[in-house]
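Can you keep this structure in mind? I'll have questions shortly.
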Amino acid sequence: MLIKRVLIYTDLDGSLLDHHDYSHDAADAMLAELEQVNVPVIPATSKTAAELLDIRQELDNHHPFIIENGAGVYMPEDYFSTRPPGTAIIDGFWVKAFTEPRQHWQSLLNTLPEEYQGCYTTFQQAGVEGIMKMTGLVPDKAERASQRNYGEPVLWHGTAEKKAAFINRLEALGASVLQGGRFMHVSGHCDKGRALQWLTRQYQADEPDSAFTTVAAGDSQNDVAMLEAADIALIIRSPVNEMPVIDRHQHCFRSSAYGPKGWVEGINNVLDFLRNPNSAIN
């Protein structure tokens, strides 16, 4: 008989973390309950590995995590019984990379015509002080945010028309451009959905007698691939952005509250549905 297991993949900013102050207090009790019943909560974020090491400590989370919009998956060494194929060992983690390093995408940005200069600011251009101004992060957290491995965040302040041309230029050069809550992320053809699927296969290989149900929670367009790939999608209402548009209609929940309060509301609804699949989905 298969053992039923649930994996929760979650965006951070605007979902598990408050959009404005990055607080997770409203979700702490739920996170503790999920840990007690052996339901891994797996961050899947645009943030860096350096940021996640800090945030995982705050959340008391010891599970794998997905960084930079699916560019890399980090698994603590010995989390699984065997090291997944195609991974490197970095600072105590098994790491699976899905794209080229950051320097490749920075070089592409540097090849763009001068007409785009002044229309955007990259993290590289901003430096730690600029990142602090753009995000409201304190110095040590801004420093961690600057430590990108696989892509380059871009804050756009040009016109919408020029933004579309900017994205087309980069895509013609082989880049993928994802719009997050605040920033566009310039990287390769990777996304949170592909990373979710790959990591779920590692769980399945490690526990062949388990049947896994995947839940994805997110609030913005860079979460769409993850929301589409999971068995169950949970869209968190945002105080600043429209809800992301997804194609699926089955097994899709939407919160009425924002941020971590909406996350708790939605996870409770998902768990109720899993206990009683005939119940209505909100």
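Mind telling me which of the residues Tyr74, Tyr9 ends up being closer than 21 Å to Thr214 by Cα, at pLDDT 95 or above, outside any helix (DSSP H, G or I) and more than 12 Å from the chain's Cα centre (by Cα)?
Details: Tyr9 fails: more than 12 Å from the chain's Cα centre (by Cα).
From the options Tyr74, Tyr9, the qualifying one is Tyr74.
What is the one condition in (1) surrounded by fewer than 20 Cβ atoms within 10 Å (Cβ to Cβ); (2) acidic (Asp, Glu); (3) touching a residue at least 40 places away in the same chain (Cβ under 8 Å) that Asp78 does not satisfy?
Going through (1) surrounded by fewer than 20 Cβ atoms within 10 Å (Cβ to Cβ); (2) acidic (Asp, Glu); (3) touching a residue at least 40 places away in the same chain (Cβ under 8 Å) one by one, Asp78 breaks only (3).
From the list Ile90, Ile66, which one is modelled with pLDDT of 95 or more, at negative phi, in contact with a strand residue (DSSP E or B) (Cβ under 9 Å, 6 or more places away or on another chain) and surrounded by fewer than 16 Cβ atoms within 10 Å (Cβ to Cβ)?
Working: Ile66 fails: surrounded by fewer than 16 Cβ atoms within 10 Å (Cβ to Cβ).
Going through Ile90, Ile66 in turn, the sole match is Ile90.
Quick one: how many residues across the range 43-64 are assigned to a strand (DSSP E or B) and within 16 Å of Tyr22 (Cβ to Cβ)? Before you say what the answer is, go through the steps one by one.
Pass one, the range 43-64, residues assigned to a strand (DSSP E or B): 43-44.
Within this subset, residues satisfying the condition of being within 16 Å of Tyr22 (Cβ to Cβ) are 43.
So the count comes out to 1.
For Glu265, indicate whether it is among the charged types (D, E, K, R), modelled with pLDDT of 95 or more, within 23 Å of Asp191 (Cα to Cα) and in the same structural domain as Leu31 (by TED's automatic domain parsing). Working first, answer last.
Values: among the charged types (D, E, K, R): yes; modelled with pLDDT of 95 or more: yes; within 23 Å of Asp191 (Cα to Cα): no; in the same structural domain as Leu31 (by TED's automatic domain parsing): yes.
Answer is no for this residue.
Can you tell me which of Gly136, Gly127 is surrounded by fewer than 16 Cβ atoms within 10 Å (Cβ to Cβ) and either of a type in the set (S, T, N, Q) or at pLDDT 95 or above (or both)? First the steps, then the outcome.
Working: Gly136 fails: either of a type in the set (S, T, N, Q) or at pLDDT 95 or above (or both).
Unique residue meeting the criteria: Gly127.
Which condition does Arg169 not pass, out of (1) part of a helix (DSSP H, G or I); (2) within 14 Å of the chain's Cα centre (by Cα), if it passes all the others?
The one condition Arg169 does not meet is (2).
Is it the case that Glu242 is surrounded by fewer than 16 Cβ atoms within 10 Å (Cβ to Cβ), at negative phi, among the acidic types (Asp, Glu) and in a loop (DSSP other than H, G, I, E, B)?
Numbers: surrounded by fewer than 16 Cβ atoms within 10 Å (Cβ to Cβ): yes; at negative phi: yes; among the acidic types (Asp, Glu): yes; in a loop (DSSP other than H, G, I, E, B): yes.
Considered against the rule, which asks whether it is surrounded by fewer than 16 Cβ atoms within 10 Å (Cβ to Cβ), at negative phi, among the acidic types (Asp, Glu) and in a loop (DSSP other than H, G, I, E, B), Glu242 comes out as yes.
Now for a separate question. Given the criterion in the same structural domain as Leu227 (by TED's automatic domain parsing), out of contact with any strand residue (DSSP E or B) (no Cβ under 6 Å at 6 or more places or on another chain) and buried (at least 23 other Cβ atoms within 10 Å of the Cβ), identify the matching residue among Leu59, Leu17, Leu53. Working first, answer last.
On the way: Leu59 fails: buried (at least 23 other Cβ atoms within 10 Å of the Cβ); Leu53 fails: buried (at least 23 other Cβ atoms within 10 Å of the Cβ).
Of Leu59, Leu17, Leu53, the one residue that is in the same structural domain as Leu227 (by TED's automatic domain parsing), out of contact with any strand residue (DSSP E or B) (no Cβ under 6 Å at 6 or more places or on another chain) and buried (at least 23 other Cβ atoms within 10 Å of the Cβ) is Leu17.
I would also like to ask the following. Looking at (1) under 28 Å from Trp263 (Cα atoms); (2) in contact (Cβ under 8 Å) with a residue 40 or more places away in the chain; (3) assigned to a loop (DSSP other than H, G, I, E, B); (4) in the same structural domain as Ser15 (by TED's automatic domain parsing), which one does Val39 not meet, given that it meets all the others?
(2) is the only condition that Val39 fails.
Turning to a different aspect of this structure: In the range 178-202, what residues are among the charged types (D, E, K, R) and under 12 Å from the mean Cα position of the chain (by Cα)?
We begin by selecting, within the range 178-202, every residue among the charged types (D, E, K, R); these are 182, 191-192, 194, 201.
The answer is Asp191, Lys192, Arg194.
The values are calculated or read from the model by the stated rules, or taken from the named source; none is laboratory data. All values derive from a computational prediction rather than experimental measurement. FYI the Cβ positions are ideal-geometry reconstructions off the backbone, even for glycines, and counts take in every protein chain you see.
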